[in-house]
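Asks: Before we start, here is the structure in question, set down as structure tokens.
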Amino acid sequence: MNILTDGLPESVEIDGKEYMIHTDFRNWIQFEILFSGGSMDEAKFMKMLELCYIDLPPSLDSALQFMFWFYAGGEKGEKKNAPESEEKRQIYSFEFDADYIYAAFFTQYKIDLQTADLHWWQFKSLFKSLDDNNKICKIMEYRAIDLSQIKDKEQKKFYRKMKALYRLPDLRSEEEKEKAMIESMSSLF
């Protein structure tokens, strides 16, 4: 799929039948917020399907496959089912960084996200291409930086302060946090 030459999908074909999908970026922002917001339950899972499909396909496996395909922008190859893998630090949140993202789109593209009519794939392309001088990009840099790679003490102190200032809340359940701690501790021994 090439966003420059191919039309943006409005539906997916499952078992020979077309199923219309919600393409508005707002649906997919809500989808990502649900997906990254702690533990998954049946109600949350069903809400994610509703955010994707206008009419739910009968094959749940295929519905899931195409839901994540669409979320990932039609990318193939590496599985990109999750907004952020567990190994990778989350550097943005549509929930907690909404003001910064809104301001960046308005400043850089003159797009008012309150009134914009954008396909999810258009939104993703624009988001990926935000200039480094936007505050959200600086915040993502602070969150992503590996402090162990910084040698200068003053610079390290600055980035440590920025990481703390812009830290995203940990939405994992206590059980998930405990499991992660046990796994990280066991890897030390």
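The values are calculated or read from the model by the stated rules, or taken from the named source; none is laboratory data. These numbers come from a predicted model, not from an experiment. In this analysis, Cβ positions are derived from the backbone assuming ideal geometry, glycine residues included, and neighbour counts consider all displayed protein chains. Surface accessibility is based on the protein's heavy atoms, side chains included, excluding ligands, DNA and RNA. Shrake-Rupley method; radii C 1.70, N 1.55, O 1.52, S 1.80 Å.
Asks: I need the shape label for the stretch 98-138. Rule: rounded when a/c is under 1.5, else prolate if a/b > b/c, else oblate, with a, b, c from the alpha carbon gyration tensor.
Replies: In terms of gyration-tensor shape, oblate.
Asks: Leaving out ligands and nucleic acids, note down the accessible area per residue over the chain with a 1.4 angstrom probe, in whole Å².
Replies: That works out to 66 Å² for each residue.
Asks: Quote the FRET efficiency, to the nearest 0.05, computed for ASP15 versus LYS128 with a Förster distance R0 of 30 Å and r equal to the Cβ-Cβ distance.
Replies: In this case the efficiency is close to 0.40.
Asks: Whats the longest run of the chain with zero trypsin sites (Lys or Arg not before Pro) that are DSSP loop and have at most 15 other Cβ atoms within 10 Å?
Replies: That gives 1-75 as the longest site-free run.
Asks: Can you compute the charge dipole magnitude of the chain about its Cα centre, using +1 on each Lys and Arg Cβ and -1 on each Asp and Glu Cβ, nothing else charged? Give it in debye, rounded to the nearest 20.
Replies: 1180
Asks: Leaving ligands, DNA and RNA out of it, report the carbon-plus-sulfur percent of the accessible area of the chain at a 1.4 Å probe.
Replies: Reported share for carbon and sulfur atoms: 52 percent.
Asks: First obtain the Kirkwood hydrodynamic radius of the chain from its Cα pairs, then insert it into the Stokes-Einstein equation at 37 °C and 0.692 mPa s, and state the resulting D in µm² per second as a whole number.
Replies: It diffuses with D of about 174 µm²/s by this estimate.
Asks: Still on this structure: Which residue, TRP121, SER62, LEU147, has the largest displacement toward the positive end of the dipole of the chain when charges sit on each Cβ (Lys, Arg +1; Asp, Glu -1)?
Replies: Farthest towards the positive end: LEU147.
Asks: Which of the peptides 95-103, 57-65 is most tightly packed, and how do the rest follow, going by the mean number of other Cβ atoms within 10 Å of each residue?
Replies: My ranking of the peptides, most packed first, is 95-103, 57-65.
Asks: Here is a follow-up. Arrange the residues THR107, THR23 by how much accessible surface each exposes, largest first, with a 1.4 angstrom probe.
Replies: THR107, THR23
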